[in-house]
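Here is the structure we will look at, set down as structure tokens.
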Amino acid sequence: MADMGEFRDAVTAWAAGGPGDPARELAARLSVRTVVLLEGPSDAAAVDALAGSRDRDLAAEGLCVLAMGGAMSVGRFAGLLGPSGLGLRLTGLCDERERPFYARGWERAGATPDGYFVCAADLEDELIRALGVARVKELVREEGDLRPLQTFLSQPAQQGRTAEQQLRRFLGTKKGRKIHYGRVLVEALDPDRVPAPLDDLFAAL
């Protein structure tokens, strides 16, 4: 039986220049109605974690969470999947600096202009501020990364940065760490402390 992962793979291959028929067929078979376009896998991990905490099966609802591998790809994915392509509803998250890419992609695809939600710096920054520095450091310790964090904080390049900036940079220093903490930070949130862009995204799904 086909699953949403196969649809994501088919769309990614299509966006890379492959055939579109597999994605079209899977969209119909899986009753896909909405695609959540995200910059990378750490954002997808956070969205999936929040869905789990809210007892929502996004795939069963016809919602596909898709990491594009960079915000500059949004025009391509939006064109293939949105009103001008498969006719699916588009939504998503982006960083403030990536807003122009999303705005242009949405416009060219004929999608609803306000259909995506914007993080001030990025989603990790939103999550760190929502949890607070002390709680994030506690989670880093619980995950066995306290020593690497201490080593990182001792580097001259980190001096003069705020604690929030340091933690945000730390999460990106090792492959897979941002993805791992995308889930960990979301699972640690109190229900009323979910960052507005992420909360608003779920309210729109």
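Here is how the numbers come out for the structure above:
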item: Flag for PHE202 being among the aromatic types (Phe, Trp, Tyr), within 21 Å of the chain's Cα centre (by Cα) and over 14 Å from SER53 (Cα atoms); result: no
item: Count of residues meeting criterion [small (Gly, Ala, Ser), within 26 Å of ALA120 (Cβ to Cβ) and not in a helix (DSSP H, G or I)] in segment 137-173; result: 2
item: Residue within segment 86-101 that is of a type in the set (Phe, Trp, Tyr), surrounded by 17 or more Cβ atoms within 10 Å (Cβ to Cβ) and either more than 27 Å from ASP21 (Cβ to Cβ) or free of Cβ contacts under 8 Å to residues at least 40 places away in the same chain (or both) present; result: yes
item: Scan of segment 31-66 for residues that are closer than 23 Å to GLY110 by Cβ and open to solvent by 20 Å² or more (accessible area, probe 1.4 Å), ordered by number; result: SER31, ARG33, GLU39
item: Complete set of residues in segment 15-30 that are buried (at least 18 other Cβ atoms within 10 Å of the Cβ) and either touching a residue at least 40 places away in the same chain (Cβ under 8 Å) or among the basic types (Lys, Arg) (or both); result: ALA15, ALA23, ALA27
item: Unique residue being in contact with a Phe, Trp or Tyr (Cβ under 9 Å, 6 or more places away or on another chain) and over 19 Å from GLY132 (Cα atoms) when the list is LEU171, LEU201; result: LEU201
item: Qualifying positions in segment 156-174 - open to solvent by 60 Å² or more (accessible area, probe 1.4 Å) and under 24 Å from ALA45 (Cβ atoms); result: GLU164, GLN165, ARG168, ARG169, THR173, LYS174
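The values are calculated or read from the model by the stated rules, or taken from the named source; none is laboratory data. Quick caveat: nothing in here was measured; it's all calculated off a predicted structure. Positions of Cβ are generated from backbone atoms using ideal geometry, with glycine treated the same way; all protein chains shown enter the neighbour counts. Surface areas here come from the heavy atoms of the whole protein model, side chains and all, with no ligands, DNA or RNA. Shrake-Rupley method; radii C 1.70, N 1.55, O 1.52, S 1.80 Å.
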